Amino acid sequence: MAETARFMDAALQEARKAAARGEVPIGAVLVLDGQIIAAAGNRTRELNDVTAHAEIEVIRRAAAAVGDERLSGADLYVTLEPCTMCAAAISFARIRRLYYGAEDPKGGAVDNGVRFYASPTCHHVPDVYSGLAEQEAADILREFFAARR
């Protein structure tokens, strides 16, 4: 369990870095064989790329690091419930486990919204664990948006 907390802490740190860049503070790390092989935060504004969500960025970096688009055996830690686009990318990358912090009732697609992994057209379903550092992840988002209102 301590290892899980360590990896989620690293994802929270990526979320804080994203906030410092003016991005929506979502962070992710990808772990393979007990080691973080990639870390990223949102970069949609910086890159002018709507697909540059933390999950997509970390999957791109991890795939480049291992030289394969399939990340079987890898675990993804992300601070917010993935959207439909990211849930699909997680499935296509064959990620073994998804750990996420705060739920996203408006934009989430794992336990909310379309519930992508429950779809009969979803070919690979990761094991999903929600609520890790949920309050801290939600607080980072809440503080970010409160400062902009």
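The values are calculated or read from the model by the stated rules, or taken from the named source; none is laboratory data. Keep in mind that what you see is a predicted model, and the values were worked out from it rather than measured. Backbone-built Cβ (ideal geometry, glycine too); neighbour counts: all protein chains shown. Areas reflect the complete protein model, heavy atoms only, side chains present, ligands, DNA and RNA absent. Shrake-Rupley method; radii C 1.70, N 1.55, O 1.52, S 1.80 Å.
Summary of values
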quantity	calculated
Positions within the stretch 39-67 being more than 17 Å from residue 108 (Cβ to Cβ) and either buried (at least 24 other Cβ atoms within 10 Å of the Cβ) or within 9 Å of the chain's Cα centre (by Cα) (or both), in sequence order	40, 41, 57, 58, 59, 62
All positions within the stretch 15-38 that are open to solvent by 70 Å² or more (accessible area, probe 1.4 Å), over 19 Å from residue 142 (Cα atoms) and either touching an Asp or Glu at 6+ places or on another chain (Cβ under 7 Å) or charged (D, E, K, R) (or both)	33
Residues (surrounded by fewer than 13 Cβ atoms within 10 Å (Cβ to Cβ), without any contact (Cβ under 8 Å) to a residue 24 or more places away in the chain and assigned to a loop (DSSP other than H, G, I, E, B)) located in the stretch 106-149	106, 120, 121, 148, 149
Residue pairs meeting the criteria (Cβ under 6 Å; at least 6 apart or on separate chains; first more than 19 Å from residue 18 (Cβ to Cβ), in the stretch 77-94; second of a type in the set (D, E, K, R))	94/70
Unique match (being at pLDDT 95 or above, over 18 Å from residue 116 (Cβ atoms) and of a type in the set (A, V, I, L, M)) among 89, 62	62
Residue list for the stretch 74-118, restricted to those being at positive phi and of a type in the set (Lys, Arg)	94, 115
